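Inspection log for the structure reproduced underneath, given as structure tokens.
The values are calculated or read from the model by the stated rules, or taken from the named source; none is laboratory data. The shown structure was predicted, so the numbers you read here are calculated from the model rather than taken from an experiment. Every residue, glycine among them, receives a Cβ derived from its backbone with ideal geometry; neighbour counts consider all protein chains shown.
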Amino acid sequence: MDFYKALDTDSSRAVAEYVTEAVGNNQIYFKKVLDLALQDIPKVSARAGRVVFLCTEKYPKLLDSYIHEIIKKIPALKNKGTIRTILKLVTLYPNLDDEDELSILLECCFKYLNGDYSIAEKVYGMEIIYNISKQYPEILNELREVVKAQLQYSSAGFKARAKILLGIE
């Protein structure tokens, strides 16, 4: 299957499910779709990221071999839809322990929290930082301060996640 061509047609759920079924539990196909997601191609990468997420929901072990590669590529991502989907994938790995990767995640997620990014990117970034703070409690205060500074301007979704993760209202 030409995954690029299939994903370039439209962003419907039906197309995402069709490609997800075609990929199945096949590592080679999964890697092809993951590569599309990480190339930052307008529209196609975000759609490919959605397929990667759907495949990962069905077959959680598919992503295990690639999570480290994904984290290292996050700083280069420009497409906000791709960033959002990749961050959502990273939230599925709350116990990462590679210090270089954790550093990348902290830098990027604080940037997303403080920058002009969507609520989803901010919330996934908040969750990733919170997960890292379980290993490095000293970053929890910084996360709380950043989140508190944004509460009055934030959506209900952001406030709800802040309450759940940090107990902030």
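For residues in segment 60-75 being within 15 Å of Lys32 (Cβ to Cβ) and outside any helix (DSSP H, G or I), which is nearest to the chain's Cα centre (by Cα)?
Here the residue is Tyr66.
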For this session: Could you please let me know if Gly49 is assigned by TED's automatic domain parsing to the domain that holds Leu166, of a type in the set (Gly, Ala, Ser) and either on the phi > 0 side of the Ramachandran plot or buried (at least 18 other Cβ atoms within 10 Å of the Cβ) (or both)?
Result: no
Problem set entry | Whichever residue in segment 1-44 is in contact with a Ser or Thr (Cβ under 8 Å, 6 or more places away or on another chain) and in contact (Cβ under 8 Å) with a residue 12 or more places away in the chain and, among such residues, is farthest from Glu69 (Cα to Cα) | Val15
Problem set entry | Candidate set: segment 122-159, residues that are within 22 Å of Asp97 (Cα to Cα) and acidic (Asp, Glu); chosen: the one nearest to the chain's Cα centre (by Cα) | Glu127
Exercise. Can you find even one residue in segment 105-121 that is in contact with a Ser or Thr (Cβ under 8 Å, 6 or more places away or on another chain) and either assigned to a helix (DSSP H, G or I) or aromatic (Phe, Trp, Tyr) (or both)?
Worked result: yes
Exercise. Which one of these does Val23 not meet: (1) in contact with a Leu (Cβ under 7 Å, 6 or more places away or on another chain); (2) farther than 21 Å from Asn79 by Cα?
Worked result: (1)
For this session: Might you check whether a residue that is among the β-branched types (Val, Ile, Thr) and either under 17 Å from the mean Cα position of the chain (by Cα) or assigned by TED's automatic domain parsing to the domain that holds Lys134 (or both) occurs anywhere in segment 18-41?
Result: yes
For this session: Restrict the check to segment 46-58 and report whether at least one residue is over 19 Å from Ile129 (Cβ atoms), more than 14 Å from the chain's Cα centre (by Cα) and modelled with pLDDT of 90 or more.
Result: yes
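In the set Asp40, Asp8, which member is in a loop (DSSP other than H, G, I, E, B) and charged (D, E, K, R)?
Selected residue: Asp40, the only one of Asp40, Asp8 that is in a loop (DSSP other than H, G, I, E, B) and charged (D, E, K, R).
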